[in-house]
Amino acid sequence: MPATSNSFEFPLKVKRDTKFAKFLDWYGLAYQTTNPDTGRKRKGNVKAFILDELETILTTGKASSNLLDVADEFKQSGALSPELQKAKANLSDAEFSQLVALMEKAGS
């Protein structure tokens, strides 16, 4: 007898040139994790984030502070060029700060 699942597929098409599509791409890079044993990088789980936050809104009637913080972080990231956004995702906080300092020094 086949096992039944408590979940179902909910396909969603998103146009590439929308703010939502940009958020999906950004979240994957901004919340990327690295397995300390293998060094393998894994994109942030944007699907789980969105589902959890939507569930919170539907349950409480209010957006969580986490959603608001992430949305604010996304808005602020728009000030960075795509190259700097990629650098921020791939470098440690200390390395990125050093890069920014070097760029500022080079610009002055």
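Annotations
- Every pair of residues 6+ apart whose Cβ atoms lie under 7 Å, when the first sits in the stretch 41-63 and is surrounded by 11 or more Cβ atoms within 10 Å (Cβ to Cβ) while the second is outside any helix (DSSP H, G or I) and small (Gly, Ala, Ser): GLU53/SER64; THR56/SER64; ILE57/ALA63
- Contact map, the stretch 24-35: residues that are surrounded by fewer than 13 Cβ atoms within 10 Å (Cβ to Cβ) paired with residues that are polar (S, T, N, Q) and assigned to a loop (DSSP other than H, G, I, E, B), Cβ distance under 6 Å, separation 6+ or inter-chain. No pairs are found.
- Checked against the criterion of being at pLDDT 95 or above and either touching a Phe, Trp or Tyr at 6+ places or on another chain (Cβ under 8 Å) or over 16 Å from GLN32 (Cα atoms) (or both), the candidates ILE50, ILE57 yield just one match: ILE57.
The values are calculated or read from the model by the stated rules, or taken from the named source; none is laboratory data. From a predicted model like this one, the values you see are computed outputs, not experimental measurements. Heads up, the Cβs are rebuilt from the backbone with ideal geometry, glycines too, and the neighbour counts pull from every protein chain shown.
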